[in-house]
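Read through the structure below, which is laid out as structure tokens, and then see the notes.
Where a number appears in this text, it was derived from the coordinates with a stated rule and is not lab data. As the structure is a computational prediction, the values presented were derived from the model and not from experiment. Cβ atoms come from the backbone with ideal geometry, glycine included; neighbour counts cover every protein chain shown.
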Amino acid sequence: MKALVIVGHGSHLNEDSSLPVYEHAALVRDRYAGEFDEVVECFWKEEPSMRHVLDLVESEDIYVVPAFISEGYFTQQVIPRELGLSGPVTRRDGRTIRYAGPLGTYEGMPDVILERVDDLLEGKETRPGRTALVLLGHGTDLNKNSSGVIYLNAERIRERGVYDLVEVGFLDQDPPIAEVVGGVEAENVVLIPVFIAEGWHTRETIPEDLGLTGEVTEMADRTVFYGAPVGTHPSVADLIVSRARETDEREAELARDVS
Amino acid sequence: MRATSPERSGGEAPRRNTAAEARTAFAAWVEEAPGGRSFGQIVVRPLPEGGYELRHAADAGLPDGDLDVHVDPREAREIAKLTEGGEYRPLKSSPNLRRGWLLRVEGERGLYVAMNYLYPSAVVHWHLHRSGELEITTYRENAARQSGIYKRVQRLSDEGVQNAARACCEDAVCLKKTLWDVDENTPLESERGEGEIPCPEPCSIFVSFARRVRLFERENKRDLDAIGLSPSEKEDLSALVEAAATGSVPLAREAEFEEPLNERRMRYRRLTLVPKLRPDGDAATPEEG
Ligand code: SF4
């Protein structure tokens, strides 16, 4: 039997935080019923905890996918420690536990971002002129990967040449998001938070700091389109499955390298 | 400290599937009691036509027609998400499960799914505890693992752990039975709880509360005023007086330990501040039950 375990951060205060994990789990149960016998959610700050989730799982082949954007403290320290993982593949008590990479660095992520943009712009009028896509990241001085993943996705989208400009901005590091949204040379600015879930930032601080009134805000010289966080998009469910499958390919490659 | 399995000791026995065992054992336990079993705040009973029915224990006597009927076991998650008053429930074993619903599920798998949303991990821990195999992790072992902003819980004193457990874990605020101790030689002194759901290790709510209590401890050493009160104690008293003076004391969210009017924080104050304010021993009763 095969199980998919989706790991979320969760929250002690806010019910939005775990919602995408539950929604993606439900979609995977529907869309990939033949592939996974069990799809189980677990969290750092909610129950079931990562510490106990493997006790609940009946399968012997377990795929763990972190619903996190970047590689960092959680994916490298907290999750492996709490789940008792010793590397990409852990064999324990007759089980094989494969640990996948985070979602933001996956090659399929730009597609999900672009789908998010299409959903946002559908049926809405844009101004004549240029359109800039701005990816918003959390950013932190402590972890270069946190901004790196935003730059990586911006670069991958830039290469496709669908937007006049693709820029990045952050909450907690340079360049500050307000400067980017206000300063980018475009008549239409599409702002997409590269976050996993809705929360205080996406609902309150960002709209407040940028003077946004909703999905569409008309400013003197530009229209700003503000999208929901990428992590809540239904296609993320497919991304999670791709990440899980990739661990098998990785293992096959390793086996080839050894032989 | 994981439970050992046959493979680990080198045998060829097939893998022990504790989760599947627990699912079956729980269903059998329920089947043995046609009148229903109580578990946490719910009653679960076998239905004569097959399947199981779950509802809030306080709704046990109500006609089905008075309740919102659900048949998808995954809807248990929505049932468990918010309190009666619409507050988010970060700890599913808090005694604040809402009433007014009824869940009919098919088969032991349906029951297991529903139970794992109402009381995550509870069935498997219940099963392992019954068979004497539940592995316990002490506070000190758990704290030793913590990193980042939680690393400081390693320095919480034994007394701090005891008081934190009294404030955070007793049945008035969490229905799990605390099985863990401070360390192997220092048992918890709090009431461990009467319920069926074992708690084998401090949960993340507890660790977050322990961090708060550790900050109180530090403050106590450094910043006491002439009558021995700490800045945060004075902040809490002021907030309490101000709120009560308006005629109602709105409590902070369940896990909002940074806010003065948090129930667990107030429970901790009852243990540590009230004795300071009433030094003649006329302290509040330790537990209201
Ligand atoms: S640690 Fe305390 S609050 Fe947390 S589940 Fe256990 S008994 Fe309840």
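Over chain A, the pair-distance histogram of Cα-Cα distances with 5 Å bins from zero comes to 1, 6, 13, 17, 18, 15, 11, 8, 6, 3, 1, 0, 0 percent, rounded to whole numbers. Other protein chain C-beta atoms within 10 Å of residue C-beta, averaged over B:243-252: 0. In this label model, A:GLN77 and A:ARG256 are separated by 3.6 nm, measuring between points 7 Å along each Cα→Cβ vector. Enter the angle in degrees (range 0 to 90, nearest 10) between the Cα long axis of helix B:231-245 and the first principal axis of the Cα atoms of chain B, meaning the one along which they spread out most. The two axes meet at around 80 degrees. Semi-axes of the equivalent ellipsoid of chain B are 38, 26, 15 Å, computed as sqrt(5λ) over the eigenvalues of the C-alpha gyration tensor in descending order. Between the helical axis of B:158-169 and the longest alpha-carbon principal axis of chain B there is an angle of about 50 degrees.
With a simple spin-label model that places each label point 7 Å from the Cα along the Cα-to-Cβ direction, the separation between A:GLU218 and B:LEU240 comes to 5.5 nm.
All C-alpha to C-alpha distances of the stretch B:139-277, sorted into 10 Å bins beginning at zero, yield P(r) values of 12, 41, 34, 12, 1 percent in whole numbers.
Report the trypsin sites (Lys or Arg not before Pro) located in the stretch A:84-144 that are in a DSSP loop and have at most 12 other Cβ atoms inside 10 Å of their Cβ, or state none.
Working: sites: A:ARG91, A:ARG92, A:ARG95, A:ARG98, A:ARG116, A:LYS124, A:ARG130, A:LYS144; in loops: A:LYS124, A:ARG130.
Passing both the DSSP loop test and the Cβ count: A:LYS124.
Under the convention that each Lys and Arg Cβ holds +1 and each Asp and Glu Cβ holds -1, the size of the dipole of the stretch B:139-277 around its Cα centre is about 400 debye.
Contour minus end-to-end for B:THR186 and B:LEU82, with contour as 0.36 nm per residue of separation and end-to-end as the Cα-Cα distance?
33.8 nm is the gain from fully extending B:THR186 to B:LEU82.
Taking the C-alpha atoms only, the angle from helix A:109-121 to the longest principal axis of chain A is near 40 degrees.
Net charge dipole, chain A: roughly 600 debye, given to the nearest 20, about the Cα centre with Cβ charges of +1 for Lys and Arg and -1 for Asp and Glu. Close lysine pairs were tallied over chain B: pairs 8 or more places apart or on different chains with Cα atoms under 28 Å apart number 13.
Dipole magnitude for the protein assembly as shown: about 1360 debye, using +1 per Lys or Arg Cβ and -1 per Asp or Glu Cβ, origin at the Cα centre.
Largest first and in whole Å, what are the equivalent-ellipsoid semi-axes of the protein assembly as shown based on the Cα gyration tensor, each being the root of 5 times an eigenvalue?
Taking √(5λ) for each Cα gyration eigenvalue gives 40, 33, 25 Å.
Only beta bridges with both residues in chain B are counted; by DSSP, about 75 percent of them are antiparallel.
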